[in-house]
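J.: My questions will all concern the structure given below.
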Amino acid sequence: MAEVLGISKKTLVQIEKGRTYASWTQIVALCALFRDSEIIESVLGDRSLEILETIAHEEVDVPKSRTFGERVWWTEIKKIGTFRLQQNVISKHYRILDEQNYRWYSSFNKDEAIKRLEELARGMV
């Protein structure tokens, strides 16, 4: 694991024991390389890279990849027309999906997410 992340074994042990924190780069690498890991999924939910992208940019406001519209990790908050606002039960971030499960927006700010949902529903893409 240390070699894959580009850190020493000593540093990895320090991170594992909670004596130091992993850097942003190490966390991104870990999530990207092991995005299908059941352990990462149990901590961050099903879309760890989406969570990282939202943290990095504070919000994501362009149509992105298609999702599966998962119900396990997501709670539907509001639906207007063909768009629905969901909240991740673990990370607590919000996303807007269209009827074909394409992600249009992500943010940790609920008010901004609702505002964007209303704009999308009115056709103000």
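Each value in this text was obtained by applying a stated rule to the coordinates, not by laboratory testing. All of these numbers come straight from a predicted model, not from anything done at the bench. Because the Cβ atoms are built from the backbone with ideal geometry, glycine has one as well, and the counts that use them run over all protein chains shown.
J.: Rounded to the nearest 500 deg cm²/dmol, what is the calculated helix-only ellipticity per residue at 222 nm for the chain, with -39500 (n - 2.57) per DSSP H run of length n ≥ 4?
T.: About -11000 deg cm²/dmol.
J.: Counting only pairs 8 or more places apart or on different chains, how many lysine pairs in the chain have C-alpha atoms closer than 30 Å?
T.: For the chain, qualifying lysine pairs total 15.
J.: Set the Förster distance to 30 Å, then compute FRET efficiency between Tyr102 and Ile39 from the Cβ-Cβ distance, nearest 0.05.
T.: Numbers: r = 28 Å, r/R0 = 0.94.
The computed FRET efficiency comes out at 0.60.
J.: Further question: Could you give each residue of the stretch 18-33 its phi-based ³J(HN,Hα) in whole Hz, using Karplus coefficients 6.51, -1.76, 1.60 with θ = phi - 60°, and x for Gly or Pro?
T.: x, 7, 8, 9, 6, 6, 4, 4, 5, 5, 4, 4, 4, 5, 6, 6
J.: Can you compute the equivalent ellipsoid semi-axes for the chain, i.e. the square root of 5 times each eigenvalue of the Cα gyration tensor, sorted largest first and rounded to whole Å?
T.: Numbers: eigenvalues 213, 35, 29 Å².
The equivalent ellipsoid of the chain has semi-axes of 33, 13, 12 Å.
J.: For Ala29 and Ile77, compute 0.36 nm times the residue count separating them, minus their Cα-Cα distance, and round to one decimal in nm.
T.: Net length gain for the segment: 14.2 nm.
J.: Please tell me the relative contact order of the chain in percent, rounded to the nearest whole number, where contacts are Cα pairs under 8 Å and at least six residues apart.
T.: 18
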